[in-house]
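K.L.:
Quick one: the structure is below, questions incoming.
The values are calculated or read from the model by the stated rules, or taken from the named source; none is laboratory data. This structure is a prediction, so every number in the text was calculated from the model and none was measured. Cβ: placed from backbone, ideal geometry, glycine included. Neighbour counts: every protein chain shown. Side chains included, ligands, DNA and RNA excluded: accessible areas come from the protein's heavy atoms. Shrake-Rupley method; radii C 1.70, N 1.55, O 1.52, S 1.80 Å.
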Protein chains: 2
Amino acid sequence: MADTTHIRLSDNQRLDWLRLIRSENVGPRTFRSLVNHCGGAGTALTALPDLARRGGASRPLRVCPRDEAEREIAVAQRLGARFVALGEADYPAYLQTVEDAPPLLAVRGNAAVLRGPLIAMVGSCNASAAGVKMAERLARELGAAGFGVASGLARGIHAAAHRASLATGTVAVLAGGHDRVYPPEHAGLVDALLEAGAAISEMPFGWEPRASDFPRRNRLISGVSLGVVVIEAAKKSGSLITARMALEQNRRGFAVPGSPLDPRAEGANGLLKQGAVLVTEVEDIVAVLRPIIGRPPPEPPMEEPGSAASDDAPAPSARARIIALMGPTPVAVDDLIRLSGCSPAAVQTTLLELELAGRLDRQRGGLVALL
Amino acid sequence: MADTTHIRLSDNQRLDWLRLIRSENVGPRTFRSLVNHCGGAGTALTALPDLARRGGASRPLRVCPRDEAEREIAVAQRLGARFVALGEADYPAYLQTVEDAPPLLAVRGNAAVLRGPLIAMVGSCNASAAGVKMAERLARELGAAGFGVASGLARGIHAAAHRASLATGTVAVLAGGHDRVYPPEHAGLVDALLEAGAAISEMPFGWEPRASDFPRRNRLISGVSLGVVVIEAAKKSGSLITARMALEQNRRGFAVPGSPLDPRAEGANGLLKQGAVLVTEVEDIVAVLRPIIGRPPPEPPMEEPGSAASDDAPAPSARARIIALMGPTPVAVDDLIRLSGCSPAAVQTTLLELELAGRLDRQRGGLVALL
């Protein structure tokens, strides 16, 4: 029986997707705008330099060369990884609903775990013994209840959650490339989790994770999951970023309480005050998520094959009018359309051009600013 | 300017009230029924033996003799205590709204604290150092915010809460008589709290507290307070009884969270799951209670002077019909009225008679059973 709910890229399309997402100034959101604008990744690759030039790029935009992408695919294959595209069967169903979901995920291990329900567990890397014990207990019991456990491979809570769910299936979301596991001492943990679980990354092979890559990675931890459980998170911590992402992604928030005198409990207690579900045992989580599991995954928001092209460059006067309305203060795209008197397509294309030229800052709530 | 919102008993009336509440089989609820039925405590004292006999008492009911009540008043005066009646100015305003509020409270210390807003703090007598520290911090800050702190003088959390609010005003609710402080080593703590605060008891002087007196006392801790804060309460503990009473009395519930691995946090975490407000700092409490403080105390539900008498004994056939409908299985008073075909007054009087004869068990929700 044919799978009608998923797309399947050809090798050539996959190569185009990889080249496009690895090109300069192209992130997941721009990728989506480009494919919608140009009708496909292949045509987008051709259009890229012109779009960036029209957006005012000071130098030619770097398009990822074909052989570079082919080399990355070869490296991936040697490591036992493969690229799964947004909309394909092995792409985590819940991640597809996220606005800035990566178009391609490099996946190692057992992709079956990505098709089942996942729950994220996050918390401090300086966890207490009690925190580690709690993480182990919940991860083990979530596994027994049929959930995969997603986390970020960090020391402390993350590692405890992965280890306790090795047999039942756990997903490690990497902040760098598959060949740059961080922290390095968890390379063995990754190997161990690949049998029942998987490691995933949106970053290029060879990419050494930097501090700014972790918040970016955190949106994937919450994005693949039905909900996020926070155990021992300090006031300003990556765990709280993940919890905030989860909220924005409409995921369920859970937190394990702790003494107000324990600074490691401050973040989790704060989440509880904001309405997170209090967790002392696994049933507190399962009771909330059980009703959601049955629901079919949402439709993929973008389809590669057969999209219609609409590569009309805005008239120079229209482009100038739109840019004149913008500045360092964020404005709504809707206001740009209204005040410029230009068509929505002209405004969107102008924004895409600026984005590729590295001159656009997209912010939450449909706001844009000039850089 | 005359105080029109409060009653004031004469010495004779006060003596009658004390005799009535100290008489056999008369608790706060029966006291209220009797005064309503007979029109006053004095006439109730006269009617008591007949009512009990009609209810089928196996031997004459013991009415507290006048000289015994006079002796108790004299003992109270020597200890610096006085009897404050329900409805009088110094009776804790919030306690008046409680269904089984004691008609008389023996009060030692500074009654001003009883007129201000009170918050109950309860928790384990085997508290951890962290629990004690948290109790001290909250009690101190509640005092600074203008709240009196009510508790039960027990070891651990109770004592910590009292000690930290000695200067700002704390209320110790005793399970026994004023001359039987429990635990005995807290006699000094009581002396210390009397200057800014008060100790209150509904029990007779000389009464040694038994285990069953503590749940009874707990309803007063929550009853005098706007809300109850639970710190470190095990699964089945007196603190949880107080929290349940608070709920039944429509008081606000607060709880300080703790690690799920700490058995001392189990009760508080359970309350949080049931909707108690999570507390990590005093503002969490104050923000909820501040809007209530301004409200005028509710009207006293019963007035002694000038009540109308209605001492009609039910016809023997009616009484027999009502009793025949009852048994060890609790039934609703409304059903008794409907099924017996008797007047509500006849049913209520019959129940009062049974109560005084020690043959009635009143349960929650207006249910009654024959003992």
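K.L.:
Give me the net charge for the shell around B:ALA246: Cβ to Cβ below 12 angstrom, other residues only, Lys and Arg +1, Asp and Glu -1.
P.N.:
+3
K.L.:
While we're on this one: If Lys and Arg each add +1 and Asp and Glu each add -1, what is the summed charge of the other residues whose beta carbon sits under 12 Å from the beta carbon of B:ALA89?
P.N.:
-1
K.L.:
Count the DSSP beta bridges whose two residues both fall in the protein assembly as shown, then state the antiparallel fraction as a percent rounded to the nearest 5.
P.N.:
If I count the DSSP bridges inside the protein assembly as shown, around 45 percent turn out antiparallel.
K.L.:
Starting from a Cα-only point model with no solvent, please compute log10 I(q)/I(0) by Debye for chain B at q = 0.07, 0.12 1/Å.
P.N.:
Treating every Cα as an identical point scatterer, log10 I(q)/I(0) equals -0.33, -0.92.
K.L.:
Ok, one more. Which value in deg cm²/dmol, rounded to the nearest 500, describes the helix-derived mean residue ellipticity at 222 nm for chain B, given -39,500 (n - 2.57) per DSSP H run of n ≥ 4 and division by the residue count?
P.N.:
Taken over chain B, the calculation gives -12500 deg cm²/dmol.
K.L.:
log₁₀ I(q)/I(0) of region A:1-61 at q = 0.24 Å⁻¹, via Debye over equal Cα point scatterers, no solvent, to two decimals?
P.N.:
Log-scaled intensity ratios, in q order: -1.01.
K.L.:
Per-residue Cβ counts within 10 Å, from other chains only, averaged over A:250-263: what number is that?
P.N.:
Other-chain Cβ atoms within 10 Å of each residue's Cβ, averaged: 5.
K.L.:
Let me ask another. What is the local net charge at A:CYS64, summed over the other residues whose Cβ is closer than 15 Å to its Cβ (Lys, Arg +1; Asp, Glu -1)?
P.N.:
Every neighbour counted, the sum reads -1.
K.L.:
Using the Cα centre as the reference, give the magnitude of the dipole from point charges on the C-beta atoms of region B:81-177 (Lys, Arg: +1; Asp, Glu: -1; all else neutral), rounded to the nearest 20 debye.
P.N.:
Roughly 420 debye, rounded to the nearest 20.
K.L.:
Roughly how many debye, to the nearest 20, is the charge dipole of the protein assembly as shown about its Cα centre, given +1 on each Lys and Arg Cβ, -1 on each Asp and Glu Cβ, and no other charges?
P.N.:
Using Cβ point charges on Lys, Arg, Asp and Glu, the protein assembly as shown gives about 400 debye.
K.L.:
Sorted from largest to smallest, which semi-axis lengths in Å does the alpha carbon gyration tensor of the protein assembly as shown give for its equivalent ellipsoid, taking the root of 5 times each eigenvalue?
P.N.:
72, 26, 26
K.L.:
Largest first, what is the accessible-area ranking of A:ILE293, A:ILE200, B:ILE323 with a 1.4 Å probe?
P.N.:
My answer, sorted largest first, is A:ILE293, B:ILE323, A:ILE200.
K.L.:
Follow-up. Stokes-Einstein at 20 °C, 1.002 mPa s, Kirkwood radius from Cα pairs: D for region A:158-232 in µm² s⁻¹?
P.N.:
Reported coefficient: 168 µm²/s.
K.L.:
Place a +1 charge on the Cβ of each Lys and Arg in region B:185-277 and a -1 charge on the Cβ of each Asp and Glu, then give the dipole magnitude about the Cα centre in debye, rounded to the nearest 20.
P.N.:
520
K.L.:
Given the C-alpha centroids of region A:56-98 and region A:235-272, what is the distance between them in whole angstrom?
P.N.:
The distance from the Cα centre of region A:56-98 to that of region A:235-272 comes to 32 Å.
K.L.:
What's the Cα-based Rg to Rh of region A:163-205, Rh via Kirkwood?
P.N.:
In region A:163-205, Rg relative to Rh is 0.95.
K.L.:
Quick check: pseudo-label points 7 Å beyond the Cα along Cα→Cβ at A:LYS236 and B:ALA287, how many nm apart are they?
P.N.:
Going by the 7 Å Cα→Cβ label model, 2.0 nm.
K.L.:
7 Å along Cα→Cβ for the label point: how many nanometres lie between B:ALA320 and each equivalent label in the other copies, listed shortest first?
P.N.:
Label point to label point, same position, other copies: 11.1 nm.
K.L.:
Still on this model: Could you pull out the GluC sites (Glu not before Pro) across region B:55-102 that fall in loop regions by DSSP (anything but H, G, I, E, B) with no more than 14 other Cβ atoms inside 10 Å?
P.N.:
Taking region B:55-102 and a limit of 14 other Cβ atoms within 10 Å, the loop GluC sites (Glu not before Pro) found are B:GLU99.
K.L.:
Suppose we look only past 26 Å in the calculated P(r) of region B:172-298. What percent of the Cα-Cα pairs does that tail hold?
P.N.:
Of the Cα pairs, 30 percent sit more than 26 Å apart.
K.L.:
A follow-up question, please. What gaps in nm, shortest first, separate A:CYS125 from its twins in the other copies when you place the label 7 Å past Cα toward the beta carbon?
P.N.:
Taking the point 7 Å beyond Cα along Cα→Cβ, the inter-copy spacings are 4.8 nm.
K.L.:
Here's something else I'd like to know. State the antiparallel share, in %, of DSSP beta bridges confined to chain A, rounding to the nearest 5.
P.N.:
Counting only bridges with both partners in chain A, antiparallel ones make up about 45 percent.
K.L.:
For region B:1-123, compute the orientation-averaged projected area of the C-alpha convex hull (one quarter of its surface), in nm².
P.N.:
Result: a mean projected hull area of 9.9 nm².
K.L.:
Taking only the Cα atoms of region A:50-184, how large is their convex hull per residue, in Å³?
P.N.:
For region A:50-184, the hull spanned by Cα atoms encloses 155 Å³ per residue.
K.L.:
For region A:110-257, rounded, prolate or oblate, judged on the Cα gyration tensor with a ≥ b ≥ c (square roots of eigenvalues), a/c < 1.5 rounded, else prolate if a/b > b/c?
P.N.:
Judged from the Cα gyration tensor, region A:110-257 comes out rounded (a/c under 1.5).
K.L.:
Which GluC sites (Glu not before Pro) from region B:192-245 combine a DSSP loop assignment with at most 15 other Cβ atoms within 10 Å?
P.N.:
B:GLU195
K.L.:
Further question: If the label for B:ASP335 sits 7 angstrom from Cα along the Cα-to-Cβ line, what are its distances to the same label in every other copy, in nm to one decimal, shortest first?
P.N.:
Inter-copy label distances (nm, one decimal, shortest first): 6.7.
K.L.:
So if the hydrodynamic radius of region B:74-139 is defined as the Kirkwood radius over C-alpha pairs, what does Stokes-Einstein give as its diffusion coefficient at 10 °C and 1.306 mPa s, in µm² per second?
P.N.:
Translational D for this selection: 112 µm²/s.
K.L.:
For the rotation bringing A onto B, which A residue has its Cβ nearest the axis, and at how many Å?
P.N.:
Taking the axis that maps A onto B, the answer comes out as A:PRO257, 2.
K.L.:
Using the alpha carbons of region A:47-92, what is the convex hull volume per residue in cubic angstrom, as a whole number?
P.N.:
Measuring per residue, one finds 125 Å³ for the Cα hull of region A:47-92.
K.L.:
Normalising by the residue count of chain A, find the relative contact order in percent from Cα pairs under 8 Å and 6+ residues apart.
P.N.:
Reported relative contact order: 19 percent.
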